[in-house]
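Notes follow the structure.
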Amino acid sequence: MDIRQKRKEHALSLSVHGPMTVEDATELHQALRDAVSSSDIVVINLEETSDIDLASLQLLCSAHKTALKKKKDLRFINLASEVRERIDKAGYIHNRGCLDGGASECLWMLQKPSGPGEISL
Amino acid sequence: MPVDAAETLRPRGDLAMNERHDAHRETYREEAFELLSELEEALLNLEEQQEDVDLISRIFRALHTIKGSGAMFGFDDIAAFTHDIENVFDMVRNGQLCVTKALIDLTLSAKDHIMKLLAASETGEFVDDSLGEGILESFRLMLPAAEAEAAPSVTVATPPTKTPPAASAAAPKGSVPSGSDVKKEQPASALSSSSSSINAPELQPQSVPAVAEGQLLTYRIRYTPQEDIFQTGTNPLYILEDIKQLGKCFIIAQLSGIPELDVIDPERCYTYWDVILTTSRPYEDILDIFMFQDEQTYQINLIDDGGALSEDDGYKRLGEILIERGTVSSLDLDQVIGRQKRIGEILVDSGIVEARQVESALVEQQHVQELRRDRRQRDMAQTIRVPSDKLDKLVDLVGELVTVQARLTQISTERRQDSVIVSIAEEVERLSNELHDSTMSIRMVPIGTTFTKFRRLVRDLSVELGRDVLFETIGGETELDKTVIERLNDPLVHLIRNSLDHGIEPLMERESVGKSRQGVIRLSAAHVGSDVRITITDDGAGMDPAVIHAKAIEKGLVSPTEELSEHEIFAQIFAPGFTTAKKVTDVSGRGVGMDVVRRSIDSLRGSIEVQSKRGQGTTISLKIPLTLAIIDGLLVRVGQGFYVIPLSQVEECVELGQRQRREAHDRHLVNVRGTMVPYISLRERFAINGKRPELEQIVILNYGDMTVGFSVDAVVGEHQTVIKSLSRVYRNVTGISGATILGNGTVALILDVANIITEAELEESESYG
């Protein structure tokens, strides 16, 4: 896995290349922590991601919860269909979110609310 | 106030409602009778296959429906009576109670009592409650005894909560935290940002009942992997994929345990899942998926048993599901339930429950409701109840249509140059034949429904008479007209009782003659042409022709000097009052049975034969036409009158000229390929005026194993005969079983072959003194 960053003022784009697996979980964790702590807007581009496992899904979820708590904006873009399918099979995508941050702000919701937390399909 | 006036004073709505209520009660009665029949069959089968879970389920279902529907339609006595019996069978299907002969006996008695209550609900007859109380008392005795010796029921483990180290150290090793502990911690962790634990609410443990293979069941699976699962190399998502392979499934990940970035350990698992799975695979297949998982990481609950229980429209309410899952307490639910918002929203707003947890419960609710709706629609589409009288009316109308169609065919034959009429007549003939076949097939019912009743009879009688009997049935799927089956019931009961009482020997006697202790009675049915052949065979003592002959002479049925074939000797058993039984038992021996049997079979236009070998056994064969309403007949003419002979009894037709009559010296005999066959002159029998034609036709018939002819003026041809009964005015007329209307509107009489032959034999034997 290879994470490339691109900064523009208060916004940070993280582009993840390659599969996101538990072997790289520590690296992903660090990158997300740094991104959320240093930027008001974090955009995670998954165009080049071929696969994603449970450890990485948890980290993305954790990052979103952290961002919400800090009143920051974190979102995905360019989700490949294979990756979306993997997220769906893991039971992550649904109509409602969890309690943290309010249900309408969940990262994994099917509907697209106008606010943060969109998944781009 | 007179009753009538009272009725007219009541609001019309009341009357309509009462009519509807009565209709419902009648429907319940019909269904309950069917269920009781199924119940009996299942019990008898269970006696032989005591481990069969499918049978146990069927029995439980039948009892449950009888109880539930009974309560709904005001049959409170039946509902109350069935309640305890249902409880006992619930324990049986949960493996807490074994099937024993005593249980089967008791349940059969209970079934009989319910039948009585059901019949009494219609007739108003008094039913003695003490018998029912006695039965219930015996069932109740089974309940506490079963609880005392109960094998542990199948429960699956509940996942422990993943508590912070301090709490888990306090708990004894291997113990499952109590529900209250879980509830206290769970909301805290949902809101807290620092906790690293997943607190999956503890699901209430549930027994998974024994269910039949292949049945579609729905499970709720809670899977909470251990936190360090990534280190073991196991991917929980593969477990989910394996579950998906088993059937239709909804997977909802619960993410509330995922902490924020500052706290999360990227190599630990914080997710748990709720899965709703509908599958026909056995429960063990689900367990296999978790083979390498710690038992405490998964819990499997059966939430829909594929229609095993009669269900009303809905599945559990959302609140019930959440309580069952341990997600919310009933106290919290009650507090919230007073408000107007939907339960799910309220619970989420109150912070008691996560939105995802509500969603997961809603998914379960919706899925199971859909399953049940589909199941109901499927069941409804398969059969429809029709009152018998409507069906009879339809048969009548079809019969009349066939008559009119025959007239149309006749006219089209006369006007065969008119191609339009010919074509229409052909089309009408085709359609009416199809309609006829269809209508007849609606009335056709498998005889197996009657066979099942006899199993109980054989079982009870065997016990009463001290015999060991294996009762086999073959060809239960053979279909006959409903009315024919109903009318066959009594004769068959009598024949089976005879087999048991006179045929099958007592155990010691069988052993002494080198037979197995267990006797066999075999009842079989099969279609043969347009008839059904039913045979009752036993491997008992058989009949001794000498004894029968002696008895027949004693009763004056035959003369001492008369020589009889073995068949003719056996035919004597059908004479009224004939019995060789040395004593009259409750079961048989009064000599009023076989002649009634013979007459019943005759009235069905059937025949009965006996074959027997002393020491080896007896076979009674019945030949019955498939249907009573329409028969294929041979139309004949004598003088100006037309008659129909049932085609099934006709073998052939031969000519009889004056020369042959002279050769036979005017005796009623005709040479058929070297065999002299006696014939009956219908002209003489019916005293028809007019000259006998020079060339007559002899219709050769088979009657039992006899061959007899009927002489007629002419054979017209085959004719599909819609049978009309003769009115009461003609009820004493012998030799005629009915009438039919020919295509040209003439009435033809249908001959009662058996009756004509029997009368002729009687006259002949009287004339010879």
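The values are calculated or read from the model by the stated rules, or taken from the named source; none is laboratory data. Just so it is clear, the structure is predicted and the values come from calculations on it, not from any experiment. For neighbour counting, all protein chains shown are included, and Cβ atoms are generated from backbone atoms with ideal geometry for every residue, glycine included. Protein only, heavy atoms only, side chains kept; ligands, DNA and RNA dropped before computing areas. Shrake-Rupley method; radii C 1.70, N 1.55, O 1.52, S 1.80 Å.
What number of residues within region B:712-724 satisfy the criterion of being over 42 Å from the mean Cα position of the chain (by Cα) and surrounded by fewer than 24 Cβ atoms within 10 Å (Cβ to Cβ)?
Result for region B:712-724: 4.
Kindly establish whether B:Thr721 is among the polar types (S, T, N, Q), more than 20 Å from B:Cys653 (Cβ to Cβ) and touching a residue at least 40 places away in the same chain (Cβ under 8 Å). Full working, then the answer.
On the way: among the polar types (S, T, N, Q): yes; more than 20 Å from B:Cys653 (Cβ to Cβ): no; touching a residue at least 40 places away in the same chain (Cβ under 8 Å): yes.
In short, no.
Which residues, counting only those in region B:471-482, are of a type outside the set (Gly, Ala, Ser) and surrounded by fewer than 17 Cβ atoms within 10 Å (Cβ to Cβ)?
B:Glu472, B:Ile474, B:Glu477
When the residues of region B:450-465 are filtered to those that are crowded, with 16+ Cβ neighbours inside 10 Å and of a type in the set (A, V, I, L, M), which remaining residue is farthest from B:Pro506 (Cα to Cα)?
B:Val458
Can you pull out every residue in region B:735-769 that is in a loop (DSSP other than H, G, I, E, B) and surrounded by 12 or more Cβ atoms within 10 Å (Cβ to Cβ)?
B:Gly735, B:Leu742, B:Gly743, B:Asp752
Can you confirm whether region B:533-547 contains a residue that is assigned to a helix (DSSP H, G or I), under 24 Å from B:Val596 (Cα atoms) and either out of contact with any helix residue (DSSP H, G or I) (no Cβ under 7 Å at 6 or more places or on another chain) or basic (Lys, Arg) (or both)?
So the first thing to find is which residues in region B:533-547 are assigned to a helix (DSSP H, G or I), and the list is B:545-547.
This time we only want the ones that are under 24 Å from B:Val596 (Cα atoms), so: B:545-547.
From what is left, the residues that are either out of contact with any helix residue (DSSP H, G or I) (no Cβ under 7 Å at 6 or more places or on another chain) or basic (Lys, Arg) (or both) are B:546-547.
Yes - at least one qualifying residue is present in region B:533-547.
When the residues of region B:279-300 are filtered to those that are open to solvent by less than 10 Å² (accessible area, probe 1.4 Å) and of a type outside the set (A, V, I, L, M), which remaining residue is nearest to the other protein chains (Cβ to nearest Cβ)?
Residue satisfying both the conditions and the ranking: B:Thr297.
Looking only at region B:354-376, how many residues end up being free of Cβ contacts under 8 Å to residues at least 60 places away in the same chain and at the interface with another protein chain (Cβ under 8 Å from one of its Cβ atoms)?
Adding up the residues that qualify gives 2.
Of all residues in region B:657-711, which are touching a residue at least 60 places away in the same chain (Cβ under 8 Å), out of contact with any strand residue (DSSP E or B) (no Cβ under 6 Å at 6 or more places or on another chain) and closer than 17 Å to B:Gly639 by Cα?
Within region B:657-711, B:Arg685 is the sole residue that qualifies.
Scan region B:435-449 for residues that are farther than 14 Å from B:Val484 by Cα and open to solvent by 60 Å² or more (accessible area, probe 1.4 Å) and report the count. Please lay out each step first, then the result.
Our first condition is that a residue be farther than 14 Å from B:Val484 by Cα; within region B:435-449, this holds for B:435-439.
Right, trim to open to solvent by 60 Å² or more (accessible area, probe 1.4 Å) and you get B:435, B:437-438.
Summing the residues that are farther than 14 Å from B:Val484 by Cα and open to solvent by 60 Å² or more (accessible area, probe 1.4 Å) in region B:435-449 gives 3.
Identify all residues within region B:720-769 that are hydroxyl-bearing (Ser, Thr, Tyr) and either at pLDDT 80 or above or within 30 Å of B:Glu563 (Cβ to Cβ) (or both); write none if there are none.
B:Thr734, B:Ser737, B:Thr740, B:Thr746, B:Thr758, B:Ser765, B:Ser767, B:Tyr768
B:Arg415 - would you say it is more than 14 Å from chain A (Cβ to nearest Cβ) and over 41 Å from the mean Cα position of the chain (by Cα)? It would help to see each step written out before you state the result.
Details: more than 14 Å from chain A (Cβ to nearest Cβ): yes; over 41 Å from the mean Cα position of the chain (by Cα): yes.
It is true that B:Arg415 is more than 14 Å from chain A (Cβ to nearest Cβ) and over 41 Å from the mean Cα position of the chain (by Cα).
Residues checked against (1) over 20 Å from B:Glu133 (Cα atoms); (2) more than 19 Å from the chain's Cα centre (by Cα):
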site: B:Asp52; (1), (2): yes, no
site: B:Ile59; (1), (2): yes, no
site: B:Met72; (1), (2): yes, yes
site: B:Phe75; (1), (2): no, yes
site: B:Phe81; (1), (2): no, yes
site: B:Arg93; (1), (2): yes, yes
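Across region A:1-52, what is the total count of residues that are small (Gly, Ala, Ser), open to solvent by 30 Å² or more (accessible area, probe 1.4 Å) and within 14 Å of chain B (Cβ to nearest Cβ)?
Number of matching residues: 2.
State whether one or more residues within region A:69-79 are without any contact (Cβ under 8 Å) to a residue 60 or more places away in the chain, within 14 Å of another protein chain (Cβ to nearest Cβ), closer than 22 Å to B:Glu354 by Cα and part of a helix (DSSP H, G or I).
yes
Looking at this structure, is B:Asp468 open to solvent by 50 Å² or more (accessible area, probe 1.4 Å) and of a type in the set (D, E, K, R)? Reasoning before the result, please.
On the way: open to solvent by 50 Å² or more (accessible area, probe 1.4 Å): yes; of a type in the set (D, E, K, R): yes.
The answer is yes for B:Asp468.
Which residues, counting only those in region B:243-261, are in a loop (DSSP other than H, G, I, E, B) and within 7 Å of chain A (Cβ to nearest Cβ)?
Of everything in region B:243-261, those that are in a loop (DSSP other than H, G, I, E, B) and within 7 Å of chain A (Cβ to nearest Cβ) turn out to be B:Leu255, B:Ser256, B:Ile258, B:Pro259, B:Glu260, B:Leu261.
Looking for something hydroxyl-bearing (Ser, Thr, Tyr), within 24 Å of the chain's Cα centre (by Cα), modelled with pLDDT under 85 and closer than 20 Å to B:Ser600 by Cβ - is there at least one such residue anywhere in region B:483-496?
Filtering region B:483-496 for residues hydroxyl-bearing (Ser, Thr, Tyr) gives B:483.
Pick out the ones that are also within 24 Å of the chain's Cα centre (by Cα) and you get B:483.
When the remaining residues are screened for being modelled with pLDDT under 85, the result is B:483.
Subset that is closer than 20 Å to B:Ser600 by Cβ: B:483.
Taking every residue of region B:483-496 in turn, at least one turns out to be hydroxyl-bearing (Ser, Thr, Tyr), within 24 Å of the chain's Cα centre (by Cα), modelled with pLDDT under 85 and closer than 20 Å to B:Ser600 by Cβ.
In region B:202-240, which residue that is exposed (fewer than 15 other Cβ atoms within 10 Å of the Cβ) and part of a helix (DSSP H, G or I) is modelled with the highest pLDDT?
My answer is B:Tyr238.
Of everything in region B:226-242, what is of a type outside the set (A, V, I, L, M), closer than 26 Å to B:Val353 by Cα and facing chain A (nearest Cβ under 9 Å)? Give them in sequence order.
Across region B:226-242, the qualifying residue is only B:Pro236.
Since B:Arg487 meets every condition but one in (1) open to solvent by 40 Å² or more (accessible area, probe 1.4 Å); (2) without any contact (Cβ under 8 Å) to a residue 24 or more places away in the chain, which condition does it not meet?
All conditions pass for B:Arg487, except number (2).
Of the residues B:Ile645, B:Ile700, B:Ile680, which is closer than 28 Å to B:Phe570 by Cβ and touching a helix residue (DSSP H, G or I) at 6+ places or on another chain (Cβ under 6 Å)?
B:Ile680
Go through region A:54-68 and report how many residues are within 9 Å of chain B (Cβ to nearest Cβ) and open to solvent by 10 Å² or more (accessible area, probe 1.4 Å).
Within region A:54-68, residues that are within 9 Å of chain B (Cβ to nearest Cβ) and open to solvent by 10 Å² or more (accessible area, probe 1.4 Å) number 1.
Is region B:503-510 home to any residue that is modelled with pLDDT of 90 or more, within 20 Å of B:Ser648 (Cβ to Cβ) and touching a strand residue (DSSP E or B) at 6+ places or on another chain (Cβ under 8 Å)?
No - not one qualifying residue is present in region B:503-510.
Can you pull out the residues in region B:41-63 that are open to solvent by less than 40 Å² (accessible area, probe 1.4 Å) and more than 17 Å from B:Arg140 (Cα to Cα)?
Residues satisfying the conditions are B:Ala42, B:Leu43, B:Leu44, B:Asn45, B:Leu46, B:Leu55, B:Ile56, B:Ser57, B:Ile59, B:Ala62.
Report, by residue number, each residue of region B:262-278 that is farther than 18 Å from B:Glu359 by Cα and either charged (D, E, K, R) or facing another protein chain (nearest Cβ under 8 Å) (or both).
Scanning region B:262-278 gives B:Asp262, B:Ile264, B:Asp265, B:Pro266, B:Glu267, B:Arg268, B:Cys269, B:Tyr270.
Of the conditions (1) within 50 Å of the chain's Cα centre (by Cα); (2) open to solvent by 80 Å² or more (accessible area, probe 1.4 Å), B:Asn689 satisfies every one except a single condition; which number is it?
Unmet for B:Asn689, out of (1) within 50 Å of the chain's Cα centre (by Cα); (2) open to solvent by 80 Å² or more (accessible area, probe 1.4 Å): (1).
Just to be sure before I move on: is B:Ile85 closer than 21 Å to B:Leu143 by Cα, within 21 Å of the chain's Cα centre (by Cα) and of a type in the set (A, V, I, L, M) in the structure I sent?
Here the answer is no, as B:Ile85 does not meet what is asked.
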